[in-house]
Amino acid sequence: MKVAVCSAKPYDRQFLEAANLNIGHELAFFDLPLCEETQKMVEGFPAVCIFVNDTLNADVLRILFSQGTRLIALRCAGFNNVDIQAAVDLGLHVVRVPAYSPHSVAEHCVGLMLALNRRLCQAYNRVRSGNFELQGLLGFELRGKTVGIIGTGRIGTAVVQILHGFGCRLIAYDPQHSSECIRLGVEYVPLEKLYADSDIITVHCPLNQKTHHLIGRAAIMRMKQGIMLINTSRGAVIDTQAVIEGLKSSKIGYLGLDVYEQEGDLFFQDLSDQVIQDDVFLRLLTFPNVLITGHQGFFTVDALSSIAQTTLQNISTFERDGICRNEVTPALLRMS
Ligand code: NAD
């Protein structure tokens, strides 16, 4: 099948071309993201392959359909950047990679916790400049601390598996309870109790209407003083302005982000020689107790190989059968 791969980085090309050797799709790589301004570039491609910051609203989907596209293949699990109902109404099929090594994101999440707690970034800089002073680097043991996990799907469960080994007390909120998490001693509690009891809160639910700004002023108010907050899910699950207020008042003692509400204008590109215009993001960077990575939780050899294989298999299955078990349906949309 002719596939337009959008937002294609050198590593996307490397892993997709390797996975395609025995499959033989006709892949064309475009480094630009797919959106209203660039929709023309994929004219005539029956399949377009996109990533987290390609924005496919109803208008873009209508144009894609009129240009001959019939399949949208997401190289990720989340699908908040595609208007699924509009796609279904048009007769466009959307497929995704529901699971590709959740451990990649889970390990990155725990890496953020450890780096923040033991102030590894500050320590790295100090030692390199010959400063071996420990004052200001004081950490705490994770053992015995209460960690609240919001969303215990694939990634949340992998986080539970790791933190179980650290000896943490684990509590969680998720409308669906995971038997693996219960087996590992997780206690499911209402959100209010999770906010009140946790020393660390980590977010692993999808972004949808119910979870948009889930962590806002009201939620932060209920948290412990000095809470460590980690978000590796989607940026807009957290209200960034509310979090900045929480940091200024020291209610939030540590913040680890791999995702950011307005990341589409920033992440996955080198802006080091430009003036960044996003003042909210720049404010976040001024806090010594904030650690931000640019949506790299998924970025491991294991995950990229798995993403490439599943993406191409999804396209092959759709081409052969006209259906695919990894299709994003309105039923899945309602459940998420
Ligand atoms: P998943 O579908 O396996 O799990 C999501 C869980 O969230 C489910 O158990 C669901 O019941 C639960 N949930 C839904 N609504 C909820 C709510 N209101 N409150 C609490 N829980 C709720 O998804 P996953 O594979 O574990 O991924 C989780 C999220 O991580 C994805 O949606 C995606 O946004 C993000 N993600 C980030 C990266 C990265 O590189 N940082 C990579 C992959 C995925």
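Of the conditions (1) within 17 Å of the chain's Cα centre (by Cα); (2) under 17 Å from Ser7 (Cβ atoms), Leu64 clears all except one; give me its number.
Evaluating Leu64 over (1) within 17 Å of the chain's Cα centre (by Cα); (2) under 17 Å from Ser7 (Cβ atoms) leaves (1) as the failure.
Rundown of residues vs (1) within 22 Å of the chain's Cα centre (by Cα); (2) open to solvent by less than 50 Å² (accessible area, probe 1.4 Å); (3) of a type in the set (Phe, Trp, Tyr), yes/no style:
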{"residue": "Leu291", "(1), (2), (3)": "yes, yes, no"}
{"residue": "Phe298", "(1), (2), (3)": "yes, yes, yes"}
{"residue": "Gln309", "(1), (2), (3)": "yes, no, no"}
{"residue": "Ile315", "(1), (2), (3)": "no, yes, no"}
{"residue": "Glu319", "(1), (2), (3)": "no, no, no"}
{"residue": "Gly322", "(1), (2), (3)": "no, yes, no"}
{"residue": "Asn326", "(1), (2), (3)": "yes, yes, no"}
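Take the residues in the range 70-102 that are more than 11 Å from the ligand (Cβ to nearest atom) and open to solvent by 30 Å² or more (accessible area, probe 1.4 Å), then tell me which one is nearest to Gly256 (Cα to Cα).
Asp83
Using the structure shown, decide if Gly24 is in the same structural domain as Thr310 (by TED's automatic domain parsing) and on the phi > 0 side of the Ramachandran plot.
Against the criterion (in the same structural domain as Thr310 (by TED's automatic domain parsing) and on the phi > 0 side of the Ramachandran plot), Gly24 qualifies.
Scan the range 135-145 and give yes if some residue there is within 14 Å of the ligand (Cβ to nearest atom) and assigned to a loop (DSSP other than H, G, I, E, B), otherwise no.
No, the range 135-145 contains no residue that is within 14 Å of the ligand (Cβ to nearest atom) and assigned to a loop (DSSP other than H, G, I, E, B).
Give me the pairs, please: first residue somewhere in the range 23-42 and assigned to a helix (DSSP H, G or I), second residue anywhere and acidic (Asp, Glu), beta-carbon distance under 7 Å, and either six or more positions apart or on two chains.
Partner pairs satisfying both residue conditions: Glu36/Asp59.
I need the full set of residues from the range 103-112 which are more than 9 Å from the ligand (Cβ to nearest atom) and closer than 23 Å to His212 by Cβ, in order please.
Hit for the range 103-112 is Leu112, nothing else.
Of everything in the range 204-257, what is at pLDDT below 95 and more than 9 Å from the ligand (Cβ to nearest atom)? Give them in sequence order.
Within the range 204-257, Gln209 is the sole residue that qualifies.
With Ile149, Ile162 as the choices, which residue is touching a residue at least 12 places away in the same chain (Cβ under 8 Å) and either among the basic types (Lys, Arg) or surrounded by 21 or more Cβ atoms within 10 Å (Cβ to Cβ) (or both)?
One residue alone meets the criteria, Ile149.
If you check every pair at least six apart or on different chains, which have Cβ atoms under 6 Å apart with a residue in the range 91-111 that is in a loop (DSSP other than H, G, I, E, B) first and a residue that is acidic (Asp, Glu) and open to solvent by 40 Å² or more (accessible area, probe 1.4 Å) second?
Here the result reads Ser101/Asp302, each pair linking the range 91-111 to a residue that is acidic (Asp, Glu) and open to solvent by 40 Å² or more (accessible area, probe 1.4 Å).
Could you check how many residues of the range 146-184 are away from the ligand (no atom under 14 Å from the Cβ), on the phi < 0 side of the Ramachandran plot and in contact with a Leu (Cβ under 9 Å, 6 or more places away or on another chain)?
8
Of the numbered conditions (1) among the basic types (Lys, Arg); (2) part of a loop (DSSP other than H, G, I, E, B); (3) within 14 Å of the ligand (Cβ to nearest atom), Arg334 fails exactly one; give the number of that condition.
That leaves (2) as the condition not met.
The values are calculated or read from the model by the stated rules, or taken from the named source; none is laboratory data. What you are looking at is a predicted structure, and each value in this text was computed from that prediction instead of being measured. Neighbour counts run over all protein chains shown; Cβ positions are idealised from the backbone, glycine included. When the accessible area is computed, the model is the full protein with side chains, heavy atoms only, and any ligands, DNA or RNA have been set aside. Shrake-Rupley method; radii C 1.70, N 1.55, O 1.52, S 1.80 Å.
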